[in-house]
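One structure is given below, encoded as structure tokens.
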Amino acid sequence: MEVFQNRRQLLMKQMQKQGISALILTPSTDFLYLTGLYKKPAQRITALILTASRASLLMPGFERENVEGKLNDILPVYYKDGQDVLSLLCSLLPCRGQFAAIGKEMQAQLLLAIQEKRPDLHYVNADQLLAPMRRQKSAEEITILETAQRMAERGLTRLLETSLVGKSEREVSRQLMQLRLEEGFDSVGEGIIASGENTSSPHHINSDRIIRPGDVLMFDIGGTYKGYHADFTRTFVVEKAPAEFENIYSVVLEAFFAGQHAAVVGNTAFSVDRAARDVIDKAGYANYFPHRLGHGIGLDGHEPPFISSDSQLPLEPGNVFSCEPGIYLPGRFGVRIEDLLVLEETGARSINTLSKTLQIL
């Protein structure tokens with residue numbers, strides 16, 4: 001619990017520096033980051049309120065057993081059904097004329113109600129405080145992410161020990177979900193299991209298409225472990241590669257390493273995206289790489305820093321992000337290769353161990 005208390009104290013110092021007198025977070029990954037408490041958004045209000053002098057947690061009184069012994073320096077403020085909760089929340093905010101930071105996942109209905117009740121405050125996006133903190137992962141966070149990546153890789157490795165020919169994408173997805181749960185994930189999603197021409201769609205939705213010899217086969221999978229997300233992609237071929245596949249695979253792999261090499265402290269996200277994109281452009285496939293190179297990852301599956309052509313954000317030690325170049329030929333096949341990289345003083349280190357060498361199943 002000390003880690004969450006330290007984060008709150010650091011955040012309160014940043015609030016003071018930026019002239020922000022209060023911060024309001026409802027259940028979200030920001031809420032989890034600062035409290036260690038996982039709670040889904042619900043009809044009844046739950047809110048963490050930070051000011052210069054205190055941290056308060058407003059929540060239904062009948063849920064107090066869920067947080068007892070977990071709050072440390074947070075003052076619980078319980079309410080009963082039928083109370084004027086909005087007035088109670090607003091009473092915890094500072095005096096008129098000051099700035100209040102709002103969590104980006106707060107429901108619009110609640111935000112509008114607060115603004116109507118307290119029009120005397122100036123409202124700003126809490127991301128200006130939280131995003132810089134969350135971008136720089138601690139050693140503990142990186143260890144959790146590495147563990148999650150290993151579990152996802154082991155799940156896929158176990159899947160590939162048997163033939164997938166004759167199975168549908170959905171069947172394979174269900175099997176791979178079970179394998180990942182067995183490896184220790186708290187939860188997993190369907191992932192992307194694309195075969196044949198379906199691999200030409202970067203965000204393919206799993207279907208009943210049957211896997212056949214000669215298919216390209218793409219797996220984009222992850223899972224959630226201790227609140228943190230795994231994510232990686234591998235592309236294979238079943239028995240025999242189609243024409244042009246091996247050349248495209250080599251181009252995508254070269255683009256991956258170009259992006260990784262460009263990911264050094266101080267370089268911009270744009271320059272990393274550009275380094276990988278240049279490889280694909282020079283190979284003649286500029287029109288077939290339609291998405292950004294990568295995204296940050298942590299408590300959210302997609303979070304800053306975004307490794308894209310429109311981001312001039314300088315990269316910092318502790319950033320963790322995907323590097324996932326791809327080439328997609330409509331109606332034929334696609335290739336994507338993705339690892340997670342952690343930025344260190346010496347460069348970008350992949351936290352994946354599964355080989356990226358072309359593998360024929």
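The values are calculated or read from the model by the stated rules, or taken from the named source; none is laboratory data. The shown structure was predicted, so the numbers you read here are calculated from the model rather than taken from an experiment. Methodologically, a virtual Cβ is constructed for each residue, glycine included, from the backbone with ideal geometry; neighbour enumeration extends over all protein chains shown. Ligands, DNA and RNA are excluded from the accessible area calculation, which covers all protein heavy atoms including side chains. Shrake-Rupley method; radii C 1.70, N 1.55, O 1.52, S 1.80 Å.
Some notes on this structure:
- About the centre of its Cα atoms, the chain shows a dipole size close to 700 debye [charges on the beta carbon of Lys, Arg (+1) and Asp, Glu (-1) only; nearest 20 debye].
- Normalised by the number of residues in segment 37-147, the mean separation of alpha-carbon contacts (under 8 Å, six or more apart) gives a relative contact order of 18 percent.
- Element breakdown for segment 85-233 at a 1.4 angstrom probe: carbon and sulfur atoms account for 52% of the accessible area.
- Spatial separation of Cα centroids for segment 260-303 and segment 1-55, in angstrom: 32
- Counted residue by residue at 0.36 nm each, then reduced by the alpha carbon distance between them, the extension gain from THR353 to ALA243 reaches 36.8 nm.
- Among the trypsin sites (Lys or Arg not before Pro) found in segment 198-262, those both in a DSSP coil and sparsely packed, with 16 or fewer other Cβ atoms within 10 Å of their Cβ, are LYS226, LYS240.
- In this rough spin-label picture, where each label sits 7 Å from Cα along the Cβ direction, the ALA139-LYS117 distance is 4.4 nm.
- Counting only protein heavy atoms and a 1.4 Å probe, segment 296-361 has 36 square angstrom of accessible area per residue.
- Normalised by 2.2 N^0.38 Å, where N counts its residues, the alpha-carbon radius of gyration of segment 1-150 equals 1.05.
- Here segment 112-221 is treated as a Stokes sphere of Kirkwood radius computed over C-alpha pairs; at 20 °C and 1.002 mPa s its diffusion coefficient rounds to 125 µm²/s.
- Exposed loop positions in the chain were taken to be GluC sites (Glu not before Pro) whose DSSP state is not H, G, I, E or B and which have at most 16 other beta-carbon atoms within 10 angstrom. Between these positions, the longest stretch is 245-344.
- Here's the list of aspartates and glutamates a cross-link from LYS70 could span, going by alpha-carbon distance under 15 Å and ignoring same-chain residues fewer than 8 apart: GLU2.
- In the chain the Cα-Cα distances spread across 20 Å bins starting at 0 as 27, 48, 23, 1 percent of all pairs.
- Euclidean distance of C-alpha centroids, segment 218-239 and segment 63-124, integer Å: 38
- A convex hull fitted around the alpha carbon atoms of segment 232-361 yields 104 Å³ per residue.
- Using alpha-carbon coordinates, inclination of helix 269-282 to the longest axis of the chain, degrees: 20
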